[in-house]
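Visitor: I have a structure I would like to understand better, so I am pasting it below and will then ask my questions one at a time.
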Amino acid sequence: MIPLDVFGSESVAADLLEQVRWRDGVTCPRCRSDRTVRNGSYREFQRYLCKNCDRTFNDKTGTIFAHSKVALRRWLFSIYAFLRFNRLC
Ligand SMILES: [Zn+2]
């Protein structure tokens, strides 16, 4: 079940995305290497450095949320509301 505070806090939403996205471990979106290290942050989102190709990326890189001006927590709320409205969750 989605904790309701993800809709009110961007950092909680970012934590949820991080957990869901990297549940099998962090891999580079560009070269698929798992030789990655934590490398600061991008706003609320964890940044990583790939030691294989030297690129940096963050939790949102390569997802539908990456270039959106809409906050992640609002995306999650919209998706949640849609699923609830259609009785899918
Ligand atoms: Zn890489």
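Visitor: State log₁₀ I(q)/I(0) for the stretch 1-58 at q = 0.12, 0.27, 0.29 Å⁻¹ as given by the Debye formula over alpha-carbon point scatterers of equal weight, solvent excluded.
Guide: Log10 I(q)/I(0), no solvent term: -0.31, -1.07, -1.16.
Visitor: For the stretch 43-62 and the stretch 1-30, write down the distance between their C-alpha centroids in whole Å.
Guide: 14 Å
Visitor: Taking the chain as the reference, fit the longest principal axis to its C-alpha atoms, fit the long axis of helix 10-21 to the helix C-alpha atoms, and give the angle between the two in degrees, 0 to 90, nearest 10.
Guide: Value to nearest ten degrees: 70.
Visitor: Still on this model: Quick one: compute the contact order of the stretch 4-85, relative version, from alpha carbon pairs under 8 angstrom and 6+ residues apart, as a percent. Don't jump to the answer; show the numbers that get you there.
Guide: Working: 98 pairs, mean separation 22.6, N = 82.
It comes to 28 percent, rounded to a whole number.
Visitor: Expressed in nm to one decimal, what extension gain is obtained for the pair Val37 and Ala81 from 0.36 nm per residue of sequence separation less their Cα-Cα distance? Please list the in-between numbers first.
Guide: Details: separation 44, 0.36 × 44 = 15.84 nm, distance 3.50 nm.
Result: 12.3 nm gained on full extension.
Visitor: How high is the FRET efficiency from Leu4 to Lys69, r the C-beta distance, R0 22 Å, rounded to 0.05?
Guide: Values: r = 24 Å, r/R0 = 1.08.
So, using R0 = 22 Å, E works out to roughly 0.40.
Visitor: Now for a separate question. Considering all projection directions equally, how large on average is the shadow of the alpha-carbon convex hull of the stretch 33-89, in square nanometres? Intermediate values should be presented prior to the final figure.
Guide: Values: hull surface 20.1 nm².
Average of the hull's projected areas for the stretch 33-89 equals 5.0 nm².
Visitor: Give me the dipole magnitude in Debye, nearest 20, for the chain about the Cα centre, with unit charges on the beta carbon: positive for Lys and Arg, negative for Asp and Glu. Each step should come with its number before you reach the end.
Guide: On the way: 16 positive and 9 negative charges, 55 e Å.
With only Lys, Arg, Asp and Glu charged at Cβ, the dipole is about 260 debye.
Visitor: Tell me the angle of helix 72-85 to the major Cα principal axis of the chain, expressed in degrees between 0 and 90 and rounded to the nearest ten.
Guide: Approximately 40 degrees, to the nearest 10.
Visitor: Which value at 222 nm does the chain reach when only helices count, each DSSP H run of 4 or more adding -39,500 (n - 2.57), with the total divided by all residues and rounded to the nearest 500 deg cm²/dmol?
Guide: Details: 2 runs with 26 residues, N = 89.
Calculated mean residue ellipticity at 222 nm is -9500 deg cm²/dmol.
Visitor: Could you tally the net charge around Arg23, taking each other residue with its Cβ under 14 Å from the Cβ of Arg23, Lys/Arg +1 and Asp/Glu -1? Intermediate values should be presented prior to the final figure.
Guide: Details: positive: Arg21; negative: Asp15, Glu18, Asp24, Asp34, Asp59.
Every neighbour counted, the sum reads -4.
Each value in this text was obtained by applying a stated rule to the coordinates, not by laboratory testing. Since we're looking at a predicted model, the values are computed, not measured. Glycine also receives a Cβ, built like all others from the backbone with ideal geometry; neighbour counts cover every protein chain displayed.
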